Amino acid sequence: IAVKQGYWSGVVKRLGTAGSQNSALTQLGLGDAAVQPESRFSLLLTRACGGVKFYAAGVMGQTASADTAAGSAGAVNGSGLGRSSSSQLPTSTDAAPVEASAFPGSLLSHRVSRIEEEEEELLEAEGASSISSVFTLCNSAIGAGVLSLPFAFRCAGAAGTLLLCLVLASFEGLTLYVLSKFAERYDAKTYSILVRKALGRKLSAALSATLVIYQMGSCAAYLIIIGDTVGPLMANGLGADHWYCSRHVIISFFALVIILPLCYPRNLSSLHYVSTAGVVGFMYTAVAIMIEGSKIFHAKEDPWGEVKWFIIDFQALFAIPIIVFGFNCHANVVTVFNELGEKPDVLVPNLPTDPEAYRDENSMSYAPKPRTLKLIGMISVILAAVGVIMFGYLAVGFAGYLAYPTTVDSNVLKSFPAHPLLLKIARGAIAGVVTGHYPLNNNAARVGLEHLEAYYLGWKNLPLWVSRGQTTLFVLVTLAIGLTVTDLGQVLHMIGGTAAAFIIFFLPGLLLVNAAIVKVDMPAGPTPSTDLDEIDTPLIADENEIGIKRTGLIYSPRRSWWAGMLLITLAVFIFVITIATAFLAPSE
């Protein structure tokens, strides 16, 4: 019985079951409670318990103690085989004695080996599939940014924006891989936990503050979209002269009457459908824009006359933060990686499936070198997700830009006429989607704000009225931004070049730089190892915890150092051009 419970304790630990070990064993049927027949562990438990009882009966024979018999009966009951008590187990009157020599030690070894094989099969089946992970990443990225891509084409030209998309998408795909790799190394379940483990609590708090700002900007953009989409629908159906068709009235009504009550509950399970509806809504909008844009483009006498392929001036830099924002799905990539199965399908053809192939056959020294099957599968997920997002964004971008090369708005729907039925449905769908997404973003901002309050002020378990007061303040601030700013591109440009650049490029760059620095005390002796996998000490940490003044920094000029410095430099560059171009947006 001790062997059995010890074995399943290991299984519980490997599966990461929440709660204490005793509670987990109880849930598995090895404690007071029995496992339900429909449990996914039911068959495996039955065989495990049966194997232990079989071995005990064979080796111990009739000398098995009453305690062992009772324990075996409990195991049988827990496995769902019956409800018999210890008195109902085989005795000398209802079962023949079994000699110990008839059950050699190899029998138990074979039985345990078989159980372990079945356990591995169960573990391999656990986790999300590669396809569902691609869908999750796409859902995280596709949003308000797709409506501003045609405006980015107007800023940098058709070929220029295409080139920017390819370059920035490549860098963002690299940082998605970096976050996944370090999440595996530090066994981190979320982006925030990864930063706390790798870079220290201070940068983790900085990440929370950045996420709060990012979510606030995204919610303000949602309100701007509501004003841009619902207004034309109401004006077209009721007339533009009515006071309730005013943009200010529409945004205020949605924010205070519809959205605010949805933001109060902390349990958002009722909004689980919003993610799927969001992807469907934006996909429909993309198709509608492509259809209507194609009609307008082909109706022109000289459709290519006003199209510019490259625009090289200072204002062309305005497109960069918008594109950065559009491909951002980094806040969720660590969670997606952890939910991915241990042996996921490789979605990209010709991508090696053996980790050794990346070290022995890959001639590109700067190519990723994953060490696990899961990380290889994640590479294929990242490539597929970035490819899908790229295809959708470029389709919408080209369609909107070719239709209105010189006048396309930062919200492409504002440039199209209000009367086509396809576009009416698209406007209504987008308004509904962003209304549902607002509470989800608000909840993420609330979590980040509570983390900051706990870190800096020591506030925990705040009263309900305080939490709702903070939520109300959040909605009012975003409402003020939505009423003041009418240009969607300005909002996406600002948060894409500041908060998003910090999340996408700066922190992954610090992770790479941190991996190239060995932090050790500096007594006389041999130089410490600079193996990348042995470096887990945070680069930025509390002096009291590590003792920075007594710690030496040995720089290891590896590829991770240079890659990290490149990402940090890129983040700083994007931040600088965002501030420089914030007040130099192209005229409408």
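The values are calculated or read from the model by the stated rules, or taken from the named source; none is laboratory data. On a predicted model such as this, the values are computed, not experimentally measured, just so you know. Here the Cβ positions follow ideal geometry from the backbone for every residue, glycine too, while neighbour counts run over all protein chains shown. Surface accessibility is based on the protein's heavy atoms, side chains included, excluding ligands, DNA and RNA. Shrake-Rupley method; radii C 1.70, N 1.55, O 1.52, S 1.80 Å.
Quick look at the numbers
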| quantity | calculated |
| --- | --- |
| Enumeration of residues in region 429-448 that are open to solvent by 30 Å² or more (accessible area, probe 1.4 Å) and within 16 Å of ILE213 (Cβ to Cβ) | ASN443, ALA444, VAL447 |
| Residue in region 500-520 that is at pLDDT below 55 and exposed (fewer than 13 other Cβ atoms within 10 Å of the Cβ) present | no |
| Of all residues making up region 402-428, the number that are part of a loop (DSSP other than H, G, I, E, B) and open to solvent by 30 Å² or more (accessible area, probe 1.4 Å) | 6 |
| Within region 449-492, considering residues that are in contact with a Ser or Thr (Cβ under 6 Å, 6 or more places away or on another chain) and part of a helix (DSSP H, G or I), the one surrounded by the most Cβ atoms within 10 Å (Cβ to Cβ) | LEU492 |
| ALA357 more than 18 Å from LEU179 (Cα to Cα), at pLDDT below 90 and open to solvent by less than 30 Å² (accessible area, probe 1.4 Å) | yes |
| Those residues of region 217-264 which are open to solvent by 50 Å² or more (accessible area, probe 1.4 Å) and either closer than 21 Å to VAL146 by Cβ or not in a helix (DSSP H, G or I) (or both), in sequence order | LEU233, ALA240, ASP241, HIS242, TYR264 |
| Of all residues in region 116-151 being more than 26 Å from the chain's Cα centre (by Cα) and open to solvent by less than 40 Å² (accessible area, probe 1.4 Å), the one that is modelled with the lowest pLDDT | GLU119 |
| Qualifying residue in region 270-279 (condition: open to solvent by 80 Å² or more (accessible area, probe 1.4 Å) and either in contact with a Phe, Trp or Tyr (Cβ under 6 Å, 6 or more places away or on another chain) or part of a loop (DSSP other than H, G, I, E, B) (or both)) | yes |
| Candidates ALA445, ALA399, ALA431, filtered to the one that is assigned to a helix (DSSP H, G or I), touching a Phe, Trp or Tyr at 6+ places or on another chain (Cβ under 9 Å) and closer than 20 Å to THR335 by Cβ | ALA445 |
| Where a residue in region 172-189 is touching a residue at least 24 places away in the same chain (Cβ under 8 Å) and its partner, wherever it lies, is among the basic types (Lys, Arg), with Cβ under 7 Å and at least six apart | TYR186/LYS197; ALA188/LYS197 |
| Matching residues, region 217-249, being free of Cβ contacts under 8 Å to residues at least 40 places away in the same chain and within 18 Å of ALA426 (Cα to Cα) | GLY231, MET234, GLY237 |
| Subset of region 156-193 that is open to solvent by 10 Å² or more (accessible area, probe 1.4 Å), part of a helix (DSSP H, G or I) and of a type in the set (S, T, N, Q) - its residue that is farthest from ALA141 (Cα to Cα) | SER192 |
